[in-house]
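**Student:** Please see the structure below; I have some questions.
Just so it is clear, none of the values below were taken in a lab; they were calculated from the coordinates. Predicted model, so just to flag it, every value in this text is computed and none were measured. We place every Cβ from the backbone using ideal geometry, glycine too, and count neighbours over all the protein chains shown.
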Amino acid sequence: MSAPKKGDLSSSEKELFEVITRGNVQEASRLLGCKDVRVNCLDEYGMTPLMHAAYKGKADMCKLLLQHGADVNCNEHEHGYTALMFAGLSGNTEIAWMMLDAGAETDVVNSVGRTAAQMAAFVGQHDCVTVINNFFSRARLDYYTKPQGLEKEPKLPPKLAGPLHKIIMSTNLNPVKMVLLVQENPLLAEVEALDKCRRVMELISEKCIKQQDMNEVLAMKMHYISCVLGKCASFLKDREDKLEGLIKSLLKGRDSDGFPVFQEKFIRECIRKFPYCDATLLQQLVRSIAPVEIGNDPTAMSVLTQAITGQVGFMDAEFCTTCGEKGAEKRCSICKMVIYCNPTCQKMHWFTHKKVCKKLQEQREKQEAESAKLRMKQSSESKAVTEATESMEQLSVETNSDVTSSNAAAETSDATSIPDAEN
């Protein structure tokens, strides 16, 4: 079949684009089986069916098209957009991940010089930015599950690749969340397994720095993960309570305000230990964190997360106080000042939160009372201004009325004094 040209579509291909818009996967599957349908056909703008499906946010349709051999890196669009760029514009993180897993290139730029991550950031789809910036293919990790050169055994046992890849792909860098991911998988929660995973993370970090297209962001993330895994291993060696002790240490807050001092110091230490001192990212992190007194904003966690994931601001979402998961909605019923993603996280945090819960409740009630007083004061002032304005308007009306009467009287007087016209 001839190479696709823009706008050169068979009737079945035109129908395929319509079916994609409607989201009818079954009908699309039938059309893709027709001989006159090319999976990479181009509409008049140079968009492929996969680009359309990605832009429309049709995840099932994207999966079907990829299964039929859709070219994830097709760059025939009139403005140089790719399927990954359209996925970023749609805001669908599942589709963005799907494109990346299928081999989408992240450094391709469109006609205005923007990458897929930059396009997603431009339209405010920061979750997609996070997915793109944090993607690490399973194939790259699987390399370490096979003996290389004279090695008799691989650096990473194949059974550990899955759970380790899950940690790598996590966009939540909160150390508590990472420890929970280790804890939930028995294969990982062993000292020997953690040591091997930690070593692989260090090797990947080194490779990211030394490769031709240096990736400092990914290198820092891999280094940070290796630090967390190393801390897990040290706790498993020294303690009988497994990883519960590490979680409690990370969550324990100081008595005055509940701020997790150990967690802050741990993250700062992870950053300080990054072995590539000349890295621009390291210098930026140090400049942002070093002048800040522990307990003040910005925290090391917020600075590191913004640098690695690309999330900006943290203004439009709530994060779990325990594990840092985005979208937390449950609040402590007493103080209503701390947020959790589920009752499990609340129970986990209660041992330290209970020390400051009442104090936070009093602070909230005091703030609410002050706000109520301020609203009442503003309301009174507004009412006074309104009454003053109305009085001024009334006075203006009365004054105008007096002036009008005076003018009318003057006009009458003038009229009687006019002499008769002479013949």
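**Student:** Using a cut-off of 16 Å between alpha-carbon atoms, which lysines can reach Lys373, once sequence neighbours fewer than 8 places away in the same chain are excluded?
**Tutor:** Counting by Cα, and skipping residues close in sequence, Lys373 has these lysines nearby: Lys383.
**Student:** Roughly how many Å is it from the Cα centre of the range 148-216 to that of the range 83-143, as a whole number?
**Tutor:** After rounding, the separation between the Cα centres reads 22 Å.
**Student:** Based on the alpha carbons, how large is the Rg to Rh ratio for the range 172-255 when Rh follows Kirkwood? Before the final figure, lay out each step's value.
**Tutor:** Numbers: Rg = 14.0 Å, Rh = 13.5 Å.
Across the range 172-255, the Cα-based Rg/Rh ratio is 1.04.
**Student:** Just want to confirm a number: the relative contact order over the range 11-134, from Cα pairs under 8 angstrom separated by 6+ residues, in percent. Walk me through the numbers before you get to the answer.
**Tutor:** Working: 196 pairs, mean separation 23.9, N = 124.
Relative contact order comes out at 19 percent.
**Student:** Kindly count the pairs of lysines across the range 1-122 whose alpha carbons are less than 18 Å apart, treating pairs on different chains or eight or more residues apart as eligible.
**Tutor:** Values: Lys5/Lys14; Lys5/Lys35; Lys6/Lys14; Lys14/Lys35; Lys14/Lys56; Lys14/Lys58.
Taking the Cα cut-off of 18 Å, the pair count is 6.
**Student:** Among the lysines, which have Cα under 24 Å from the Cα of Lys152 when same-chain residues fewer than 8 positions away are ignored?
**Tutor:** Lys196, Lys207
**Student:** To make sure I understand, if each residue's beta carbon is the centre and we count other beta carbons within 10 Å, what order do Tyr55, Tyr143 fall in, fewest to most?
**Tutor:** Details: Tyr55 21, Tyr143 17.
In order of increasing Cβ crowding within 10 Å: Tyr143, Tyr55.
**Student:** Under unit Cβ charges (Lys, Arg +1; Asp, Glu -1), what dipole magnitude, rounded to 20 debye, does the range 162-286 have relative to its Cα centre? Walk me through the numbers on the way to the answer.
**Tutor:** Numbers: 19 positive and 17 negative charges, 11 e Å.
Here the range 162-286 has a charge dipole of around 60 debye.
**Student:** Could you tell me which of Ala121, Tyr45, Thr280 has its Cα farthest along the dipole of the chain towards the positive end, charges placed at Cβ (Lys, Arg +1; Asp, Glu -1), taken about the Cα centre?
**Tutor:** The one lying farthest along the dipole's positive direction is Thr280.
**Student:** Assuming 0.890 mPa s and 25 °C, estimate D for the chain with Stokes-Einstein, Rh taken as the Kirkwood radius over Cα pairs, in µm²/s.
**Tutor:** Details: Rh = 26.6 Å.
Rounded to a whole number, D works out at 92 µm²/s.
**Student:** Can you tell me which of 159-165, 373-379, 57-63, 362-368 comes out highest on packing, and rank the rest after it, using the mean Cβ neighbours within 10 Å? Present the calculation step by step, with values, prior to reporting the outcome.
**Tutor:** Values: 159-165: 18.6, 373-379: 10.0, 57-63: 20.3, 362-368: 11.9.
Highest-to-lowest ranking by the protection proxy: 57-63, 159-165, 362-368, 373-379.
**Student:** Going through the cross-link list Lys155/Lys231; Lys166/Lys231; Lys155/Lys248; Lys248/Lys354; Lys221/Lys330; Lys210/Lys265, which pairs have a Cα-Cα distance over 22 Å in this structure? Can you show the working numbers first?
**Tutor:** Working: Lys155/Lys231 20 Å; Lys166/Lys231 18 Å; Lys155/Lys248 31 Å; Lys248/Lys354 14 Å; Lys221/Lys330 29 Å; Lys210/Lys265 28 Å.
Pairs exceeding 22 Å: Lys155/Lys248; Lys221/Lys330; Lys210/Lys265.
**Student:** While we're on this one: When only alpha-carbon atoms count, how far does the range 63-171 stretch along each of its three principal axes, as whole angstroms with the largest first?
**Tutor:** 51, 27, 27
**Student:** Note down the Stokes-Einstein diffusion coefficient of the range 140-311 in µm²/s, whole number, using a Kirkwood radius over alpha carbon pairs, 25 °C, and 0.890 mPa s. Before the final figure, lay out the partial values.
**Tutor:** Details: Rh = 16.8 Å.
Diffusion coefficient, whole number: 146 µm²/s.
**Student:** Mind checking the dipole of the chain: about its Cα centre, +1 per Lys or Arg Cβ, -1 per Asp or Glu Cβ, Debye to the nearest 20? Let's see the in-between values first.
**Tutor:** Numbers: 52 positive and 57 negative charges, 697 e Å.
Computed charge dipole of the chain: roughly 3340 debye.
**Student:** Now for a different question. Please report, largest first and rounded to whole Å, the three semi-axes of the ellipsoid equivalent to the range 11-134, where each semi-axis is the square root of five times an eigenvalue of the C-alpha gyration tensor. Don't jump to the answer; show the numbers that get you there.
**Tutor:** Details: eigenvalues 114, 42, 27 Å².
One finds semi-axes of 24, 15, 12 Å for the range 11-134.
**Student:** Going by how many other beta carbons lie within 10 Å of each one, how would you line up Met392, Met222, Met337, fewest first? Intermediate results must be reported in sequence, preceding the final value.
**Tutor:** Values: Met392 10, Met222 23, Met337 18.
With the fewest neighbours first, Met392, Met222, Met337 line up as Met392, Met337, Met222.
**Student:** What does the charge count around Thr280 come to, taking other residues whose C-beta lies under 14 Å from its C-beta (Lys +1, Arg +1, Asp -1, Glu -1)? Write down the numbers at each step before the final one.
**Tutor:** On the way: positive: Arg287; negative: Glu216, Asp278.
For residues surrounding Thr280, the net value is -1.
**Student:** Can you classify the range 226-381 as rounded, prolate or oblate using the Cα gyration tensor, where a ≥ b ≥ c are the square roots of its eigenvalues, rounded means a/c under 1.5, and otherwise it's prolate if a/b beats b/c and oblate if not?
**Tutor:** Working: a/c = 2.36, a/b = 1.45, b/c = 1.62.
Oblate shape, in that a/c is at least 1.5 and b/c is the bigger or equal ratio.
**Student:** Also: Please label the shape of the range 294-377 as rounded, prolate or oblate, based on the square roots a ≥ b ≥ c of the eigenvalues of the alpha-carbon gyration tensor (a/c under 1.5 means rounded; beyond that, a/b larger than b/c means prolate, else oblate).
**Tutor:** It is oblate, given that a/c is not under 1.5 and a/b is not larger than b/c.
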